[in-house]
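Written below as structure tokens is the structure these notes are about.
The values are calculated or read from the model by the stated rules, or taken from the named source; none is laboratory data. In this text, all values refer to a predicted model and were calculated from it rather than measured experimentally. These accessible areas exclude ligands, DNA and RNA; they are computed on the full protein's heavy atoms, side chains included. Shrake-Rupley method; radii C 1.70, N 1.55, O 1.52, S 1.80 Å.
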Amino acid sequence: MPHGYLQITSDPSGEPIPLETERAVVGSGPEADIRLPAESGLAAAHFELEPREVGCRVRSLPGVSPAQVEGMPHEDGVLPWGAEIHVGASRLRLVREADDGQRARPSLVMILAPFILGFALWSILSESDRAAIPEAPSPPALFADERTSCDGGEAPARAIAVRDERAGRAMIERYPFDPAEGVQAVARLRHAAACFRAAGDRESESRVTERRTELEERVRQDYGEARYRLGRALARRDYQAALHQTRRLSALLSDRPGTYQEWLTTLERRLRLRQADR
């Protein structure tokens, strides 16, 4: 019995595709379990689906553009049944199987949900600027600074390494209270490892590199979680939760100015206005 169905809403004549296995790769290549036409815009293996009771986990595979859910990038996370995702040139809906065992047909709520949620975001972005930011731009990478050499002027490399390791540790302690500290700590620990290497202290380099790798993974996960929660909060019109995640993302990206940061600034202003209206 299928765990659910994948409905291609951009092709109304298409039949729902049953999700027969606990995990299915969707793409346009021969390695995909669910293969869509090349004109769909999907990579050969684009994303994975894992049906669950409350919804379906959607995980974009490495090296591909992530799916869009209500205008927000979605890299990994469980979406409720009835959610619609945009991938490449395709619009797809996750459909729960019908109770009577027949081919699943979306309920009226499922049919209207994407339009209702889209209108919720549209209404948040006030009349004057709706056209300026129809959806979130692609989020930037958190760790663009891949510096691997020790740059400390005349100071001894080991002294610089010790200084940066201490600074990085202090930033890690402050990270729960200031997201920007986590991103900065990764850069300081990376530089500390480079300086330990320049000083010939391989043991300290290995220790700091291990700590930096663990922290970087933690911050990356927090970054993805914040984007996902922002999208869900906007869909629910939970302005307080959306404002919290917007500020969290702004702090994480404080050293990464650009179109995404500008979008967050504008969104924060809209959310504060909505709260004031209430």
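For this structure, a couple of remarks:
- Using the 1.4 Å probe convention, the accessible area of the stretch 1-54 works out to 53 Å² per residue with neighbouring protein chains retained.
- Between Arg269 and Glu173, the contour length at 0.36 nm per residue exceeds the Cα-Cα span by 31.6 nm.
- For the stretch 194-278, the carbon plus sulfur part of the accessible surface works out to 43%, probe radius 1.4 Å.
- Amide hydrogen neighbours beyond the local backbone of Phe47, cut-off 5 Å, H modeled: Val26, Leu61
- Solvent-accessible heavy-atom area per residue, rounded to whole Å², over the stretch 176-240 at 1.4 Å: 49 Å²
- Restricted to Cα atoms, the stretch 162-269 shows a radius of gyration and a Dmax of 16.4, 55 angstrom.
- Counting only heavy atoms of the protein chains and using a 1.4 Å probe, Asp151 has close to 100 Å² of accessible surface.
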